[in-house]
Every structure is written in structure tokens, then in C-alpha cells.
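Step one of this worksheet: look at the structure below.
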Amino acid sequence: MTYAHVVIDLSVSEVDRPYTYSVPEGMRLSPGQRVLAPFGGRRLEGFVVDLLGEPDVDTARVKPIVRALEDYPLILPELMELAAWMRERYRCTLAAALRLMIPAQLRGERVAEKTRNAARLLVAGEALDEARRARARAPRQLAVMELLEGGPQYVAYLNTRVDGAHRVVRALESAGLVEVTTVTERRNPFSQPPSRSARDPELTNAQRDAARRVTGAMDDGGGRFLLAGVTGSGKTEVYIALIRHALKQNKGAIVLVPEIALTPQMTDWFRARFGECAAVLHSRLSPGERYDEWRRIRDGEARVVVGARSAVFAPVERLGLIAVDEEHEHTYQSEKRPRYDAREVARYRCEQAGGALVLGSATPQIASYMRAMPGVRPENRYQLLELGERVNGRPMPEVTLVDMCRELEKGNHSIFSAALQQAMDSVLARGEQAMLMLNRRGYATFVSCRACGYVEKCDACDVSMTYHQAEGLLKCHYCGAVRNPPAKCPACASPYIKFFGVGTQRVEDEVAKRWPKARLSRMDMDTTRAKDAHAKILSAFRRGETDILIGTQMIAKGLDFPNVTLVGVIAADLTLNLPDYRSAERTFQLITQAAGRAGRADRPGQVVVQSYDVDHYAIELAAKADYRAFYHREVSMRKRALYPPFTVMARLLVTSREPERARRAAEAFEVQLNEFLDKYQLRDSVITMRALEAPIAKLRGESRWQLFIKLYARGRVDEVLSEMDAYTYVPIEGVIAQLEINPANMF
């Protein structure tokens, strides 16, 4: 008798352990396989994590597995190890981690292989002639037999040619003349065939040097690299060269992109280069398409995977490379439990497989670039690879900074500056294309003076205060300070104090009025909900069917349109004034990335950046594309202000349908944590801690409070976070608590 350890597919901490079951005679199982097993009076799905020769519990308590859900292990051994690591790293249940390793619709058997019936003739020559003569008075049977003479056909196709062909086929099958088989058919997730690409271009010296250093590491057990290249420097061609090397080694590769919007373009490039060897994984595929692509990868048919965040779990065997494009993007951080960071997961997978990790960006995260600097411990260090020039010596676009305060003084109340209007007129007259990006993220509105650019900020935290319309108050989302909004500007006494906020739809309306003959398209969350919406909008723009593309940050990075010669950034300081310590970094990244969309082919590019705060270092340095200067300035600021990566910020987010319950739970957790800090003498590790209402006090009907803490990075961080994590398992009626460590946003 064989026994198995099974983790039941319930993401509940009380059952977060393997249970012992007996394996029925004749059933063959492997770790990573899914099974149906009895549990608490029900039959539930579970994951086999180990096989045992002898039971480790009383045999009287052991129940047999009901059945295997598949005849092969869905989860590779290395992904089983990854799930165990994630359980500890992200403080989640093992079942929650294992779920990430398979297509979601496999749970509950909500998706399966698509099959079709196909028929083929079993007779030929004289036997076929005799069968025809015997059926001289059965014209439909003769017609089906004639269609099958050319080779096997789907029964569904025969039905389109011969009325009632499915019944005719059954009759011919009964007579022994036709065989019907079930054929598995893969669903095609691609709406268009790949574009035909020429052979790989010759790499520049900088690209060749970068590829050489990474392939050397791939041959020697792996490594970690930061590929910092200006926009248009050809980072994708470096990835392709590295993938070719991995395939020569009989290894696979994963390329991650931050936005679904980028996936069609990147997928098209990779399909053109690698054909059927390339697969795509992202959330906008249908369940069947996602399953079939996943199965192609699992079966080894596809060795190159392109996808968004969750593609990091693709079942690629013998992994040689993971490339994370636009590695600075916050979308690589999951905001749902398990709150994993795809960059960290990629790093673990590469270390596990002896592969190379390449993080690519024109504007790397501050924390990533810091790891490439001298003095970092070897286990944390990235090797820096730099591409300092655009391919073929193309110049960087000319950037014009426009002070919108001056525009207002001149009587221009439009959202478009005179410089942008003039540039748009010229571009449209030449038959070229333009992109207009509204630099907006987040939910809140800030208070700004349109005359001098003054922004209401918290005295203690140096971040902008947020206007809460329902209460008519300004609040700091870090320390909880509250004040009334000013009636006039505290800096210049101007009455032009406004609650600032502009949307892409308004930009679209204004463009349509100003340039009525121009063909427009808008790309934001509202216009890209439908399947293939991203690909359709971008394909039409690439084909020249639209003249102006208006969008949010999703159009600011990674996209390559040869005919785009103008990029306009409508309000560069919108993200600058969000209540987040990373606001300067995100502003620099967005402006630099948006500017990089212009002038990527033979025609020179122009960028117009509009701002009410043109003197801010993030905007000035983004206009110069001077990442190093920005990095040193930002690091200095964060060190003084005690922000990550010099500190660790975390919060215990408490939600409840009843506001009082959420408040009481958060305050009770604060009391408990204070007692814990005193008991174990951990107070020196803490910079600040406080229970306060969450920045968004109510979301989807849930009231939200948080226990916020800031810790010294070199302090006893793990002990404090482990204690906070324990509170998430404390049963409080009507209350849910979740721990977030360095969350992508604090809203």
C-alpha cells in the first residue's frame, strides 16, 4: 500500500498542512498531481506533495483518495519548491501558492481540452468501389465517402457539406467503412498571424557586450543583471539574443511585460522570430486559450513564454532565462493575496534553475539600481549592463518643458499649451502621428494653485495632502494629520486654488474640438475592457488608421510606433503630487518613458511636457533623460526622510462591513503590537507606528482601517512582521486583517 501527503485546496490557515491518504490499488500518482480526496464529509480537490511507503498517522484514520484529476503531474518539482518558498516569503498558505502554478479554471474542472470528432475512410481500391456499388441508392453516404477520399475530415465540417452527415458517419462506422476518432484541438489565442520579420539584426557593440556577459553567466550557472538602456536602445534585441542562446542549450525562457497592452506587440515580435515555439500567457485570454497555451508549455512544445506578471509561474522546464521588461513597473507587485513580487519570484526561479535573470528598464527602480552599485553584499548584487545610445545612432527626442502657470498668465485657459498646439498642427500637416499622455494614477485629488504651482503638503511627511470631498478636509495618508483646505493660496494669496484633476475623456473631447479632422483613439481602463481591445487599438494606430492616440500610463512604455514623432505629456506633475514617497520616482519614470515613444525610426522626435512645477528635479531631469543624476538626488532625499530602501514600510489592513469593528480591531492590534515591542525589546527597530483610518476609508462596501509601521531596514524587521502576520489569523467576527509589506500603493 502506498500513501500520499495531500494539501487540500482550501486557503485557510487552520488546514494549511499536508494530510495523509492511502493510494488505491492501481492508481499511480506523483508529487505535483491533483486529486479528489474526502475531507470533512466532502470531496475536495488537493495537491499531492509527497508519497510515503508507510503512513505517518494511525491507519484507522486514513481514507483513500477518490481519484486523480489528471493523469500527469500538473506542477513541476521546481514549482513545488517555489510554492513552499512563497509560503514562507509571502506568509500565505501552501494551497494559495500552489494555485498560482496552474490555470485558475482547472480548479473545479471548469476548463478542459477542446476535442473534435474526425472521420477517415478504412477502405480503398476495390473494397471502396464495392462499397460504393452497395450504396448506389444512398447518395448521402456516397457524398461523405467522396469527401473522405481526400483524407480525414472533421465531422463538423462534413455536416456543412452534407445534410445530417453525423448520422451518415455513424452508419458508415457501423458498416466498418469509416473510423471516428477524437482529436484534441488547440485554441488559438492570436487574432492575427505573426508579422514576417527578417533575420535577427546585427547587434550594436553595446548590445553585443551585454549579451556576451549574460550568456557567459548562462554557461556558468546563472547570474543577476540589470540592463539599463535608454529608450530605443534595443533591449528587446538583447533579450532575443539571450533566448536564442538558451534554446541552443535546450533550455527555455520567460519574458515578462508589465502591462497587457504591451503583450500583443511583444508576442508578435517573438512569434515572428521563434514561431510556434513562442507562447503567450495573460489574464485577457479566454479560459480555454489560457489552458491550451499553458498545456503547450507544460508539454514542452513552447519553450519561449511571453506574458504579464503571472507568466513567471509558467511550467518551463530547464529554465535558462527570465527577462523582466520595464522592471520598474509597480504592476509586477500583486495586490491580491499572496502579495508576491514577480521580480522576486523570477530571481528565485533563476537561482533554483541556474539560469540568468535580466531586469531591463530605461528608468530602473531606485532599489534595483542601488543593488548594482558598489558596496552591496554579493548575494544581493546585480551586475550592471548599460545601453547608453539609441540603435543606429538615432538622436533622443527634443524635449520642451512648458510652464502652465505662465500659460495661464498669458490668458491660455486651455489644457493645451501654445507649444503643444503648434507642434500638433505641424505633425498632422506632415501626415505623422502623435501620442498624448495624461500622467495620472491613483484615486485622490490634490490641492494646487494655478498661479504659482503651490501644493498643499503635510508638514511632517513632505507629501501632498489629499482632499476628501465628502468631509471637505485635507488629510495626510501617512501620519493622519488633518486640516481645512485653504480659500486662497498660502504662498501667493491667489484665488486660483483648485482641486486638481483631469481625465483622458476630457482630453479626448478637447482634442476633437481643436483638431476636428484628426482621427482619434483613446486607451485607458474604460476602452480596454473587452477581449483583444488593447491589440485592436494599437494595431489600428500602427497601421496609420488613427492620427492621435490619447491614453494613460499604459501608452507610455515599451510601445514602438515608427511614425510617432510627437509626444505630449498633458499634466506631468499629477503623479508628482500623489501622497506617496515614490511620487517623484514615478513621475520621472513616466515622463522619460513617454518621451521615449517619439522619434524611434528615421524621423526626429519631439516631446512637449506641460507642468505647473517645471523646476522640480524629477521633471527637469526626466526632460534631460538623466537617470544617474535623478538616482543620486532621490537616494539622498530618501535617506534623509527615512524611506525605503533604507526602511521597511508595512501595514495591517483591517476591513469590516461595520466601521466600528474595523476601528476597534486596528486599535486592539496596535495595543498588542506595542506590548510585543516592549516585551522583546524591539522598540529601537521602529521609527513610527500608528493605527489610523485607511486613505480610502471605504472600498466595495468595506470600512478600512490600518496599523501602519515604519521600521529601520537593518533592524529586527522579520520578528516584527511575523508578529503582525500572526494577527491576520486572529479570529474576530466580521473582520478581515491582511499584512502588506512595502505595498505598491498605500491607498
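The values are calculated or read from the model by the stated rules, or taken from the named source; none is laboratory data. For clarity, every value in this text was computed on a predicted model and none was experimentally measured. As a convention, Cβ positions derive from the backbone with ideal geometry for all residues, glycine included, and neighbour counts pool all protein chains shown. Heavy atoms of the whole protein, side chains included, go into the accessibility calculation; ligands, DNA and RNA do not. Shrake-Rupley method; radii C 1.70, N 1.55, O 1.52, S 1.80 Å.
A few points about this structure:
- Put simply, of Y90, Y72 the only residue that is under 32 Å from the mean Cα position of the chain (by Cα) and surrounded by 17 or more Cβ atoms within 10 Å (Cβ to Cβ) is Y90.
- Residue within the stretch 292-314 that is modelled with pLDDT of 95 or more, surrounded by fewer than 24 Cβ atoms within 10 Å (Cβ to Cβ), within 18 Å of the chain's Cα centre (by Cα) and in a loop (DSSP other than H, G, I, E, B) present: no
- When residues of the stretch 438-452 are limited to those that are outside any strand (DSSP E or B) and in contact with a strand residue (DSSP E or B) (Cβ under 8 Å, 6 or more places away or on another chain), the one modelled with the highest pLDDT: L438
- Top-ranked residue in the stretch 363-388 [being part of a loop (DSSP other than H, G, I, E, B) and under 21 Å from the mean Cα position of the chain (by Cα); ranked as surrounded by the fewest Cβ atoms within 10 Å (Cβ to Cβ)]: Q365
- When R543, R582, R519 are checked against the criterion of being surrounded by fewer than 19 Cβ atoms within 10 Å (Cβ to Cβ), out of contact with any Asp or Glu (no Cβ under 8 Å at 6 or more places or on another chain) and either within 30 Å of L642 (Cα to Cα) or among the charged types (D, E, K, R) (or both), R543 stands alone in meeting it.
- Those residues of the stretch 646-697 which are part of a strand (DSSP E or B) and open to solvent by 70 Å² or more (accessible area, probe 1.4 Å), in sequence order: R690, E693
- Checked across the stretch 271-285, the condition of being assigned to a loop (DSSP other than H, G, I, E, B), of a type outside the set (F, W, Y), at pLDDT below 90 and farther than 22 Å from H328 by Cα holds for at least one residue.
- Residue list for the stretch 97-108, restricted to those being under 23 Å from D50 (Cα atoms) and either assigned to a helix (DSSP H, G or I) or at pLDDT below 90 (or both): A97, L98, R99, A104, L106, R107, G108
- Residues that are surrounded by fewer than 16 Cβ atoms within 10 Å (Cβ to Cβ), β-branched (V, I, T), within 30 Å of R290 (Cα to Cα) and without any contact (Cβ under 8 Å) to a residue 12 or more places away in the chain are absent from the stretch 170-184 altogether.
- In the stretch 389-406, the condition of being of a type in the set (A, V, I, L, M) and open to solvent by 80 Å² or more (accessible area, probe 1.4 Å) is met by at least one residue.
- Hits in the stretch 411-426 - residues which are of a type outside the set (S, T, N, Q), in contact with a helix residue (DSSP H, G or I) (Cβ under 8 Å, 6 or more places away or on another chain) and without any contact (Cβ under 8 Å) to a residue 60 or more places away in the chain: A418
- Boolean, I619 is more than 24 Å from the chain's Cα centre (by Cα) and open to solvent by less than 50 Å² (accessible area, probe 1.4 Å): yes
- A single member of V635, V609, V614 is in contact with an Asp or Glu (Cβ under 6 Å, 6 or more places away or on another chain), among the hydrophobic types (A, V, I, L, M, F, W, C) and closer than 30 Å to A595 by Cα, and it is V614.
- Listed by first and then second residue, the pairs with beta-carbon distance under 6 Å, at least 6 apart or on different chains, first residue in the stretch 283-297 and within 16 Å of L256 (Cα to Cα), second open to solvent by 20 Å² or more (accessible area, probe 1.4 Å) and outside any loop (DSSP other than H, G, I, E, B), are R284/I260.
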